[in-house]
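Asks: If you scroll down you'll find the structure; I have some questions about it.
The values are calculated or read from the model by the stated rules, or taken from the named source; none is laboratory data. Only a predicted model underlies this, so the values are computations on that prediction, with no experimental measurement involved. Heads up, the Cβs are rebuilt from the backbone with ideal geometry, glycines too, and the neighbour counts pull from every protein chain shown. Heavy atoms of the whole protein, side chains included, go into the accessibility calculation; ligands, DNA and RNA do not. Shrake-Rupley method; radii C 1.70, N 1.55, O 1.52, S 1.80 Å.
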Amino acid sequence: MRPFLGAARCCVKENVSTMPRKRGNGDGTIYKMESKGLWAAQLTIGVDANGKPKRKTIYGKRQAEVRAKLDALKNELATGSVIEPDKITVAQYILSLVETDRALNQIGDNTYLRKLASCKRIAASSIGDRPLQSVRPPQVTQYLIEITSCSNSVIAKDYALLARCFRTALDNDLIRKDPMRGTKKPKSSKATRKVRALTVEEQARFVQIMNNQERGCRYWEQMMLMLCTGMRMGEINALDVHDVNLTFRTVNVRRTVTKDQTDHAVIGTKTKTYAGQRLLSLTDAPFRILSEYMEQWQPNRLDLLFYDFKGHKVLTTSQVNLQFQRILEKYNVLDPAVPGVVSLHSLRHTYATRCIESGMPVKVLQKRLGHANIETTLNTYCDVFSDYENKYTEAADTYMQQLIPNAPQKNTARG
């Protein structure tokens, strides 16, 4: 399906044979409308019953935006896939928005694939195949009730995309009213399962097992690197041999493992966020791990540091997680009295928790973890910071007492 881009009411489905042979006057010229502060372009899309040319005007805030919409419309006309405004479904319009973002290079590979997944879910819902102009608040409410069975993360993504769909359609005069106006984002009916870090005792037991009974097991290096550096497993599996510099003891984190449209693992061009692209200094433990591993590293077609030679493919987080869970269960590593869920991502949380316990400034931790903003770091590890609030407060009080001696007590005796 070709995405529908643009919002003019005159857009109708035409066959290539009905298109005029000659280009209309000014066809495809992008110009600035000073009165509206917008860029615009016109394109002849067919002829009416009287043989007069029918033109479509495209608007945008930036010249590049209009150019992308114009190219997309030309492609639709060439394939005969232009859709009439009153027949555009919610799913079709949302897909057009995502494809436009991609054409304008406003979103990366990972974000694009996540939005396509949202498009797929919305298309399969009760509202997906409804024409935009026929959607009313009751249909929106029904859809919002349906997605309460999803996780809060999925709800946030799908809700935001649907809200943008109707808001943009209203701005482009495709609909008269926004059926989502005044609605609130629903909450998941699923119980929240918080991923926790390993306790100090659990971490010590895990490391002991990894250095003895499980030394040399599959994905040993990946799990230990995650524990010692806090890197995401997708980032670790996306490292190539050139990203590691043992001379300067650094690792260049510049991309992550993602999935393509066929759900196969591929190496993305970027990390999860822009801040995720970082140069990590190596402390002794991860330096030794990588030094030993590099001595026995085997070349592969992608020059990846870690590679699935058996399947001849990129390693996924799920593969490493299965091994991690096997070790936890086999050796009873976890304390059942400690609440929370332990997954492979817990190794990253464990690294961050130990950093906080050691007194690492939150700004430094933010950079090490590759968080886009400091609020993410504070919100993710707020419980750990709270646990150590009293410790830091007492240390600050002790320091202040050294600088400001106690004032002499007031003599209340009467003579």
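Asks: Roughly how many Å² of residue 292 are accessible to a 1.4 Å probe, to the nearest 10?
Replies: Estimated to the nearest 10 Å², residue 292 gives 100 Å².
Asks: Give the relative contact order (percent, whole number) for the range 141-253; include only Cα pairs under 8 Å separated by 6+ residues. Before the final figure, lay out the partial values.
Replies: Details: 60 pairs, mean separation 22.1, N = 113.
RCO, the range 141-253: 20 percent.
Asks: Further question: Calculate what fraction, in whole %, of the accessible area of the range 87-148 sits on carbon and sulfur atoms when a 1.4 Å probe is rolled over the protein chains. Let's see the in-between values first.
Replies: Values: 1440 of 2730 Å².
For the range 87-148, the apolar C and S fraction of the accessible surface comes to 53 percent.
Asks: Related question: With the other protein chains left in place, how much accessible area per residue, in square angstrom, belongs to the range 137-202 at a 1.4 angstrom probe? Could you put the intermediate results ahead of the total?
Replies: Values: 4060 Å² over 66 residues.
Accessible area per residue, the range 137-202: 62 Å².
Asks: Here's another thing I want to ask about it. Going down the table (313/363; 120/194; 32/177; 74/259; 74/120; 115/367), which pairs top 32 Å between alpha carbons? All intermediate terms of the calculation are to be shown ahead of the outcome.
Replies: Working: 313/363 37 Å; 120/194 27 Å; 32/177 28 Å; 74/259 30 Å; 74/120 25 Å; 115/367 27 Å.
In this structure, 313/363 lie more than 32 Å apart at Cα.
Asks: Sticking with this structure for a sec: How far is the Cα center of the range 282-353 from the Cα center of the range 120-176, in Å?
Replies: Between the Cα centre of the range 282-353 and that of the range 120-176, the gap is 39 Å.
Asks: Find out how many positive minus negative residues lie around residue 212, taking Lys and Arg as positive, Asp and Glu as negative, among other residues whose Cβ is under 14 Å from that of residue 212. Write down the numbers at each step before the final one.
Replies: Values: positive: 205, 215, 330; negative: 214.
Combined, the nearby Lys, Arg, Asp and Glu give +2.
Asks: Tell me, what ³J(HN,Hα) does each residue in the range 304-319 have, in order and in whole Hz, if you take phi through Karplus 6.51 cos²θ - 1.76 cosθ + 1.60 with θ = phi - 60° and put x for Gly and Pro?
Replies: With the stated coefficients, the range 304-319 comes to 5, 5, 10, 8, 8, 5, 5, x, 6, 8, 6, 6, 10, 4, 4, 4 Hz.
Asks: Could you pull out every residue, at least 5 positions away or on a different chain, whose amide H is within less than 5 Å of the one on residue 259? Hs are placed 1.01 Å off N in the peptide plane, and Pro or chain starts have none.
Replies: Amide H to amide H, under 5 Å and 5 or more residues apart or across chains, residue 259 pairs with 266.
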